[in-house]
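Visitor: Here's a structure for you.
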Amino acid sequence: NEANRTMKAINAIRMGGVDVLPLVEGGKGVAISNGTTAGHWAAGGGAGTFSAVNADAYDADGKVIRQIYHGKTRRERHEELVAYGISGGIAQAQHAHEISGGRGRIHANILWEMGGAERVATGVLEGAKGLIHGITCGAGMPYRLSEIAARFNVHYYPIVSSARAFNALWRRAYSKAASLLGGVVYEDPWLAGGHNGLSNGEDPTRPEDPFPRVLALRKQMREFGLHDTPIIMAGGVWWLEEWEDWIDNPDLGPIAFQFGTRPLLTKESPIGDAWKQRLLTLQEGDVFLNRFSPTGFYSSAVNNGFIQELRERNERQVAFTTEAIGEHIAEYGVGPRKRIVYLTRADLERARSWEAFGFTEALRTPDSTLIFVTPEKAQEILADQQACMGCLSSCRFSNWAQHEPDFSNGKKADPRSFCIQKTLQDIAHRSDDPSAVEHNLMFSGHNAFRFAKDPFYSNGFIPTVKQLVERILTGR
């Protein structure tokens with residue numbers, strides 16, 4: 001009987017040197033978790049997280065400054081990107097600090113694999129001294145995170161998906177800055193939203209129970225003397241009553257819970273109404289792991305028109321050779337000059353059928369395949385590749401890499417992917433428009449289908465952050 005059931009009390013835990021509620025807001029990049037959401041979450045007594053990935057800055061009237069690039073070269077535009085990132089991160093930290101009124105904790109979230117990550121993190125911490133209590137970082141192996149944190153005397157929270165990853169980070173770097181390790185975020189690689197840390201040994205179609213994986217992480221941490229350092233469980237967290245056997249569990253030690261998806265649907269969340277309404281209608285299976293991201297990581301997103309176009313684009317694909325070899329004997333002319341490549345006879349027939357449907361442009365991929373797209377899509381892909389501003393440390397879509405001297409990853413640009421900066425900026429700033437929500441990348445955790453099923457959101461109810469935190473503390 002639900003009425004008689006009492007949930008275990010959610011008590012404060014020691015994290016980052018203070019007592020806070022073990023509730024952490026997950027950082028969602030490119031202007032989705034901002035100073036407003038983080039400030040309100042911290043005011044509720046937990047740890048609010050704003051994203052310092054291409055964060056918004058504001059003009060004198062408080063309007064968002066859209067990130068427009070004027071540089072002629074990718075390197076010049078990359079410098080603009082870093083400058084935008086620093087000013088936006090500082091603006092969000094100031095905003096979060098004002099709203100929180102000094103309660104809770106304010107964390108900044110960065111992606112280790114974003115372009116200029118170290119420069120942006122350093123610039124934001126420098127410009128917002130004393131306003132940020134912790135820096136969270138995942139997407140890659142952030143060895144230098146502890147060094148940056150130590151320089152500014154803030155706590156750091158690496159995001160890992162296995163005990164093995166933490167072991168490598170600790171031995172190589174973190175053991176030298178042990179006192180500032182505020183917590184370790186365990187992010188479930190099957191259930192979390194955004195980019196996911198699936199390793200080559202893990203099957204994307206076979207989710208594993210997080211409990212043994214987190215227990216293995218705690219055992220590893222205890223070997224390093226980290227008995228009291230919290231583990232923050234991220235990915236798949238909805239109702240705390242489903243995690244009761246984790247709370248105050250002596251085997252697991254101190255545990256906090258990170259909510260990434262639920263804070264999307266609050267009054268203070270900056271996403272537009274069309275996006276909020278879409279969240280209320282999602283069904284199980286609408287969010288799935290895909291491999292289209294230009295980072296090369298798996299990522300979790302809503303299966304909308306944007307993802308469907310990428311799926312179809314990747315399906316209209318044939319292998320080619322530059323000389324007639326084996327079954328590759330059918331001649332096919334590629335590009336304006338109709339340079340001859342060789343397909344199998346069956347693939348030539350498929351190519352002709354795609355052309356009949358208007359997919360007349362064949363684009364080469366780094367894997368010696370051709371994909372077939374419309375002339376408009378081909379133009380868009382080439383324009384996006386040319387407009388690259390190096391928003392990732394290495395990008396398979398544009399072939400940018402932030403390493404000198406040539407700033408290239410040494411591969412051909414891959415037209416099967418997309419410009420992630422463009423689409424995330426677009427959905428962040430135009431999500432009042434249903435077509436922007438349908439035709440852009442919409443990251444989400446796999447539990448988003450629960451908005452439609454959870455009675456808290458019935459009749460389209462959208463809570464404030466304060467109401468959401470209060471609700472979570474009831475176990476729901």
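Visitor: Once phi is turned into ³J(HN,Hα) by the Karplus curve 6.51 cos²θ - 1.76 cosθ + 1.60 with θ = phi - 60°, what whole-Hz value does each residue of segment 255-268 show in order, with x for glycine and proline?
Guide: With the stated coefficients, segment 255-268 comes to 10, 10, 10, 9, 10, x, 7, 4, x, 4, 9, 9, 4, 7 Hz.
Visitor: Per Stokes-Einstein, at 10 °C and 1.306 mPa s, what whole-number D in µm² s⁻¹ belongs to segment 196-279, with the Kirkwood radius over Cα pairs as the hydrodynamic radius?
Guide: Estimated via Stokes-Einstein, D reaches 104 µm²/s.
Visitor: May I ask what percent, to the nearest 5, of DSSP beta bridges between residues of the chain are antiparallel?
Guide: Antiparallel bridges make up about 50 percent of those DSSP assigns within the chain.
Visitor: Another question about this same structure. How far is helix 420-430 tilted, in degrees, relative to the longest principal axis of the Cα atoms in the chain, given as a value from 0 to 90 rounded to the nearest 10?
Guide: Once rounded, one gets 60 degrees.
Visitor: What whole-number volume per residue, in cubic angstrom, does the convex hull of the C-alpha atoms of segment 326-435 give?
Guide: 128
Visitor: Same structure, new question: With respect to the cross-link table entries Lys72/Lys411; Lys28/Lys276; Lys28/Lys219; Lys377/Lys411; Lys28/Lys422; Lys129/Lys176, which display a Cα-Cα separation exceeding 18 Å?
Guide: Among Lys72/Lys411; Lys28/Lys276; Lys28/Lys219; Lys377/Lys411; Lys28/Lys422; Lys129/Lys176, the Cα-Cα distance tops 18 Å for Lys72/Lys411; Lys28/Lys219; Lys377/Lys411; Lys129/Lys176.
Visitor: What percent of all Cα-Cα pairs in segment 1-66 falls in each 10 Å bin, counting up from 0?
Guide: 19, 34, 26, 15, 5, 1
Visitor: Can I ask one more? How much accessible area per residue does segment 358-430 have, in Å², with a 1.4 Å probe?
Guide: 42
Visitor: Residue by residue through segment 210-220, what is 3J(HN,Hα) from phi via Karplus (6.51 cos²θ - 1.76 cosθ + 1.60, θ = phi - 60°)? Round to whole Hz and write x for glycine and proline.
Guide: Coupling constants for segment 210-220: x, 4, x, 5, 6, 4, 5, 5, 4, 4, 4 Hz.
Visitor: Using a 1.4 angstrom probe on heavy atoms only, work out the carbon and sulfur share of the accessible area of the chain in %.
Guide: Answer for the chain is 50 percent, counting heavy atoms of protein chains only.
Visitor: Using the alpha-carbon centroid of each, what span in Å lies between segment 395-463 and segment 1-62?
Guide: Measuring centre to centre over Cα atoms gives 22 Å.
Visitor: State in Å² the accessible area per residue of segment 117-203; use a 1.4 Å probe, count heavy atoms of protein chains only, and round to the nearest integer.
Guide: 37
Visitor: What translational diffusion coefficient, to the nearest whole µm²/s, does the chain have by Stokes-Einstein, given a Kirkwood radius computed over alpha-carbon pairs, a temperature of 37 °C and 0.692 mPa s viscosity?
Guide: The calculation lands on 140 µm²/s.
Visitor: Quick check on the chain: helices-only [θ] at 222 nm, where DSSP H runs of length 4 and up contribute -39,500 (n - 2.57) each and the sum goes over total residues. Nearest 500, please.
Guide: Value at 222 nm, helices only: -9500 deg cm²/dmol.
Visitor: Could I ask something else about it? Cα axis of helix 345-356 to longest principal axis of the chain: angle in degrees, 0 to 90, nearest 10?
Guide: For helix 345-356, the angle is close to 80 degrees.
Visitor: Right, here's the next one. Starting from segment 122-230, pick out the chymotrypsin sites (Phe, Trp or Tyr not before Pro) whose DSSP state is loop and whose Cβ has at most 15 other Cβ atoms within 10 Å.
Guide: Those that pass, being in a loop and sparsely packed, are Tyr143.
Visitor: Can you tell me the length gained on complete extension of the stretch Phe407 to Asn459, counting 0.36 nm per residue apart and subtracting the Cα distance?
Guide: 13.6 nm
The values are calculated or read from the model by the stated rules, or taken from the named source; none is laboratory data. These figures come from a predicted structure and were not determined experimentally. Glycine also receives a Cβ, built like all others from the backbone with ideal geometry; neighbour counts cover every protein chain displayed. The accessibility values were calculated without ligands, DNA or RNA, using every heavy atom of the protein model including side chains. Shrake-Rupley method; radii C 1.70, N 1.55, O 1.52, S 1.80 Å.
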